[in-house]
Every structure is written in C-alpha cells, then in structure tokens.
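What follows is a short report on a single structure.
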Amino acid sequence: MYLVIDTWVWEKAQRAESPEALELLAKVWRKCEHKIIYDCEGKILDEYIKHIKAMPIVFMFRIMTQTGKMVPRPIINLNLEGFDKSDMKFVQVAISTPGTIIISGDSDFLEIRKRLKEDERLRSIKILSPAEALHIL
C-alpha cells in the first residue's frame with residue numbers, strides 16, 4: 001500500500017501529542033508492504049528533515065529512508081482552490097499513484113475529503129486521519 005504521510009503526523013508523533021500518529025508510524029515501519037511516497041523533487045523529504053527533530057522519530061525516519069520504505073514518485077501539477085499551497089505537494093504526489101492514502105490530522109486535509117468524490121482529479125486517493133488509518137493498515 002502506498003502512503004503519503006503529512007508532516008503533521010511526524011510532528012505530532014515526536015511531540016507525543018498523538019498516540020495514534022506514533023502508533024501509525026511504527027506500524028508502517030514494521031510492515032514491509034507499506035511504502036511512503038514522496039515527490040521526486042524532494043520537497044516533501046526536505047520538509048520532513050526540517051521538522052523531524054526528536055531522536056526516536058529521527059531514528060525511525062533514517063531507517064525508513066535507508067531501507068527503501070520511502071520511494072520517490074512524480075508529481076501531477078494540480079492546484080486546488082482554497083487549499084494550503086504548502087501542502088499541495090502531498091496531494092500532487094498522491095494522485096500520481098492511484099490508490100494512495102494521504103494520512104494527516106491537519107484540518108486542511110480533513111476538509112478536502114468532502115471534495116474527493118466531487119473532483120475527478122482526486123477520486124483515486126483517500127485521506128485519513130492517523131486513527132482511521134490504523135484500522136485499515
């Protein structure tokens with residue numbers, strides 16, 4: 001299964017503000033079939049590196065990048081009206097790989113879920129909170 005994990009999840013896990021976020025990252029780390037995708041340009045990885053600072057999460061992140069758990073994918077140029085431009089890269093890489101799940105607790109992502117079925121460009125992805133994702137992964 002291909003996943004796009006919003007930086008929100010990494011930050012909440014490292015601050016111990018969301019037990020679900022930490023549990024989700026650990027589950028993804030352990031399961032071989034789950035891959036985290038990021039953009040070929042590296043904007044998502046750059047953002048991760050900028051925000052991930054707590055040592056246990058840094059360690060998990062490094063292991064994932066070194067073992068092929070994270071894989072690059074192209075982006076599909078897309079802009080969504082009213083959506084945070086800084087988060088657009090997560091949607092753009094997700095729609096390049098049909099069936100991808102975006103995992104975030106950020107209100108922008110959770111708000112866009114309402115538009116998934118209405119917008120033909122977004123029909124190939126799902127957006128779940130960490131707690132929702134734990135139930136299906």
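What is the one condition in (1) part of a helix (DSSP H, G or I); (2) free of Cβ contacts under 8 Å to residues at least 40 places away in the same chain that Ala131 does not satisfy?
The single condition Ala131 does not satisfy is (2).
With the condition kept exactly as written, say whether any residue in the range 14-30 is in contact (Cβ under 8 Å) with a residue 60 or more places away in the chain, out of contact with any Leu (no Cβ under 8 Å at 6 or more places or on another chain) and closer than 14 Å to Leu134 by Cα.
yes
Within the range 52-65, take every residue that is aliphatic (A, V, I, L, M) and in a loop (DSSP other than H, G, I, E, B) and give me the one that is surrounded by the fewest Cβ atoms within 10 Å (Cβ to Cβ). Reasoning before the result, please.
Within the range 52-65, the subset aliphatic (A, V, I, L, M) is 52, 54-55, 57-58, 60, 63-64.
Right, trim to in a loop (DSSP other than H, G, I, E, B) and you get 52, 54.
Working: Ile52: 18, Ala54: 14.
Selected residue: Ala54.
Return a yes/no flag: does the range 34-41 have any residue that is out of contact with any Lys or Arg (no Cβ under 9 Å at 6 or more places or on another chain) and either surrounded by fewer than 20 Cβ atoms within 10 Å (Cβ to Cβ) or under 17 Å from Trp10 (Cβ atoms) (or both).
If we filter the range 34-41 for residues that are out of contact with any Lys or Arg (no Cβ under 9 Å at 6 or more places or on another chain), which is where we start, we get none.
No, the range 34-41 contains no residue that is out of contact with any Lys or Arg (no Cβ under 9 Å at 6 or more places or on another chain) and either surrounded by fewer than 20 Cβ atoms within 10 Å (Cβ to Cβ) or under 17 Å from Trp10 (Cβ atoms) (or both).
Going through the range 66-112 one residue at a time, which ones are assigned to a helix (DSSP H, G or I) and crowded, with 16+ Cβ neighbours inside 10 Å? Spell out the reasoning first.
Taking the range 66-112 first, the residues assigned to a helix (DSSP H, G or I) are 66, 85-94, 107-112.
Hits for the range 66-112 are Asp87, Met88, Lys89, Phe90, Val91, Gln92, Val93, Ala94, Asp108, Phe109, Ile112.
Look at the range 1-51 and say how many of its residues are assigned to a loop (DSSP other than H, G, I, E, B) and under 14 Å from the mean Cα position of the chain (by Cα).
Taking the range 1-51 as the starting set, the residues that turn out to be assigned to a loop (DSSP other than H, G, I, E, B) are 1, 6, 15-18, 31-34, 40-42.
Next, only the ones that are under 14 Å from the mean Cα position of the chain (by Cα) stay: 1, 6, 34, 42.
Summing the residues that are assigned to a loop (DSSP other than H, G, I, E, B) and under 14 Å from the mean Cα position of the chain (by Cα) in the range 1-51 gives 4.
Test each condition in (1) under 28 Å from Glu23 (Cα atoms); (2) in contact (Cβ under 8 Å) with a residue 40 or more places away in the chain for Arg113 and report the one that comes out false.
(2)
Are there any pairs, at least 6 apart or on different chains, whose C-beta atoms fall under 8 Å, with the first in the range 63-84 and within 23 Å of Arg115 (Cα to Cα) and the second exposed (fewer than 15 other Cβ atoms within 10 Å of the Cβ), and if so, which?
Matching pairs, first to second residue: Pro74/Cys40; Ile75/Cys40; Ile75/Glu41; Ile76/Arg121; Leu78/Arg121; Asn79/Lys85; Leu80/Asp119.
Tell me which residues, restricted to the range 113-137, are among the small types (Gly, Ala, Ser) and surrounded by fewer than 19 Cβ atoms within 10 Å (Cβ to Cβ).
Ser124, Ala131 - these are the residues of the range 113-137 that are among the small types (Gly, Ala, Ser) and surrounded by fewer than 19 Cβ atoms within 10 Å (Cβ to Cβ).
Looking for something surrounded by fewer than 18 Cβ atoms within 10 Å (Cβ to Cβ), in contact with a Lys or Arg (Cβ under 9 Å, 6 or more places away or on another chain), hydrophobic (A, V, I, L, M, F, W, C) and under 26 Å from Ser124 (Cβ atoms) - is there at least one such residue anywhere in the range 44-51? Working first, answer last.
At the first step, the residues of the range 44-51 found to be surrounded by fewer than 18 Cβ atoms within 10 Å (Cβ to Cβ) are 45-46, 49-51.
From what's left, in contact with a Lys or Arg (Cβ under 9 Å, 6 or more places away or on another chain): none.
No, that holds for no residue.
Quick note: the coordinates plus some simple rules give every number you see, no bench work behind them. Every value quoted in this text rests on a predicted model; they were computed, and no experiment measured them. With ideal geometry, Cβ positions are generated from the backbone for all residues, glycine too; neighbour counts draw on all protein chains shown.
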